[in-house]
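Participant: Got a structure for you, questions after.
The values are calculated or read from the model by the stated rules, or taken from the named source; none is laboratory data. Nothing here was measured: the structure is a model prediction, and the numbers come from that model. Using ideal geometry, Cβ is built from the backbone for each residue, glycine included, and neighbour counts are taken over all protein chains shown. Heavy atoms of the whole protein, side chains included, go into the accessibility calculation; ligands, DNA and RNA do not. Shrake-Rupley method; radii C 1.70, N 1.55, O 1.52, S 1.80 Å.
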Amino acid sequence: MFESLSEKLEGIFKKLKGRGVLNEESVNAALREIRMALLEADVNFKVVKDFIEDVRGRAVGKEVLESITPGQQVVKIVHDRLVELMGSTSAAIKFGPRIPAPIMLVGLQGCGKTTTAAKLARLISADKRVYLVSADVYRPAAMEQLAVLGRQVKAGVFEAGSCKDPVKICVDAVEQARREGYEVILIDTAGRLHIDEELMDELRRIREKVNPAEILYVADAMTGQDAVNVGAKFNELIGIDGVIMTKMDGDARGGAALSLRSVVGKPIKFVGVGEKIDALEVFHPERMAGRILGMGDILSLVEKAQATIDEKTAKQMQESLRKSDFTLEDFRKQLGQIKKMGPLKDMIGMIPGMGKIKALKDMEPDDGELVKIAAMIDSMTKKERNNYLIIDGRRRKRIALGSGTTVQDVNRMLKNYIELRKMMKKINSKGGMKALMRNFPF
Ligand SMILES: Nc1nc2c(ncn2[C@@H]2O[C@H](COP(=O)(O)OP(=O)(O)O)[C@@H](O)[C@H]2O)c(=O)[nH]1
Ligand SMILES: [Mg+2]
């Protein structure tokens, strides 16, 4: 799956060639085609729209890093956005404090609930004792299917006997699991061909009685947008905590995986990648984005180029620090880096003896603050940037006007800058430079 999408994207990116800056025209042309490719992959319409706007905003006007092509740069931007779209980090199951922790699997008939219950039991068994119960009293062989699979993965399986009440079966199974010392009980529920009130009511009653630590919606990737819509419905009617996407090994177009997170607002936790009992993987948005783009080599190339730039800046920083002329120009260059590394205070706090400097308390600029600081420095003349001492009241007024800030803002910024500069000098003279560089990734 995703093969045709990644092939298309590759073709698109090849066309973005030979320009130093990503201009609007070429980015737009590429985005038009990306939009088509995503829609063809069955990604939700609204998701595609937001996605394209966002990539446009990030790509247009961006300088292309040395040693890579504009196309490669756009691949990286698209990749990063895809990762965010799918949730950035992988989400584990939260078992909660109760033992056994009930985990309920829900979804339409044939989506892979029973198979997934066994696969999941196998994964969890690595460090927990797992019990399985089938609440599917409708399909004749459903319970036997789970029992067979359960034996394969060496999990305990509840025997319902002649009981035909799914709610009672679940309650009894949880009790049995507790008695036998199981830590997790996976509840495989019945499905229907489509959502109906009776099924939802049954699932709600099970939920109320066993109070699951998590309800996981099992989605069949092959059903595309239907899997997304049904997921939204399940979430609305019974509430879900996460998604398991099955049949990702098939020729599904993958749109469901890309849309689910943003439409339903719940993370994909696992993906089923085959019929075999070991074909279940923890979902990693990063890897999935790589698979979609099929361009791992380009990504590492871009990362390398970025690292080189950062290294260059680092060298320049070291150089200017050595000469103790940490100018406003240098300060400006660093703003992006400051944002990347998080609160300045924490960073400096790691350097012995530097943690207690009072002025640092004011130095946790948020995004808005950083933009403001950049604007102020941009409004200065080159002379001012190289020698802050000449910035008198009249100049401060002009800078405030030019950057859409106030004189107080300019005063505060300069005060912070002067403190920082002093500190840099101090570190320099104490020979604390090495420590600083170790902790500052610039
Ligand atoms: N290729 C593939 N087939 C799967 C996967 N998960 C489940 N299946 C198949 O889907 C069919 C329905 O699965 P089942 O667990 O019975 O679905 P249920 O009705 O939701 O319990 C079975 O033939 C499974 O082997 C998967 O990740 N990949
Ligand atoms: Mg089943």
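Participant: If ligands, DNA and RNA are left out, what is the accessible area of T115 with a 1.4 Å probe, given in Å² to the nearest 10?
Facilitator: 40
Participant: Sum up the charges of everything whose Cβ sits under 12 Å from the Cβ of L199, counting Lys and Arg as +1 and Asp and Glu as -1, but leave L199 out.
Facilitator: Numbers: positive: R192, R204, R205, K233; negative: D136, D196, E197, E198, D201, E202.
Charge balance in the 12 Å sphere: -2.
Participant: A further question on this structure: Counting other Cβ atoms within 10 Å of each Cβ, which GluC sites (Glu not before Pro) in the range 194-298 have at most 12 and sit in a DSSP loop? List each step's numbers first, then the result.
Facilitator: Values: sites: E197, E198, E202, E208, E214, E236, E275, E281, E286; in loops: E275.
When the GluC sites (Glu not before Pro) of the range 194-298 are filtered for loop state and at most 12 Cβ neighbours within 10 Å, E275 remain.
Participant: Another question about this same structure. So who's got an amide H within less than 5 Å of the one on E214, skipping anything under 5 residues away but keeping other chains? H placed 1.01 Å off N, in plane.
Facilitator: Close amide H contacts, sequence-distant or interchain: M104.
Participant: Right, next: At a probe size of 1.4 Å, how large is the accessible area of I277, to the nearest 10 Å²?
Facilitator: The accessible area of I277 comes to roughly 40 Å².
Participant: While we're here: Would you grab the residues whose amide H sits under 5 Å from the one on T246? Only those 5+ places off in sequence or on another chain, please, with H modelled 1.01 Å from N.
Facilitator: A219, D220, A221, G272
Participant: Provide the gained length on full extension for the span L414 to S125, in nm with one decimal, where the gain is 0.36 nm per separating residue minus the Cα-Cα distance.
Facilitator: On the way: separation 289, 0.36 × 289 = 104.04 nm, distance 5.89 nm.
Gain on stretching L414 to S125: 98.2 nm.
Participant: Shifting gears a bit: Just grab the label-to-label distance for K62 and D226, each label 7 Å out from Cα along the Cβ direction, in nm (one decimal).
Facilitator: Taking the simple label geometry, K62 and D226 are separated by 3.7 nm.
Participant: What nm distance separates the two modelled labels at R151 and V407, each placed 7 Å from Cα along Cα→Cβ?
Facilitator: For the pair R151/V407, the computed spacing is 8.8 nm.
Participant: In square angstrom, what is the accessible area per residue of the range 181-281 with a 1.4 angstrom probe? Kindly include the intermediate steps, with their values, before the conclusion.
Facilitator: On the way: 3840 Å² over 101 residues.
Solvent-accessible surface per residue comes out at 38 Å².
Participant: Would you please give the FRET efficiency between Y388 and R32, computed as 1/(1 + (r/R0)^6) with r the Cβ-Cβ distance and R0 = 51 Å, to the nearest 0.05?
Facilitator: On the way: r = 47 Å, r/R0 = 0.92.
My answer for the efficiency is 0.60.
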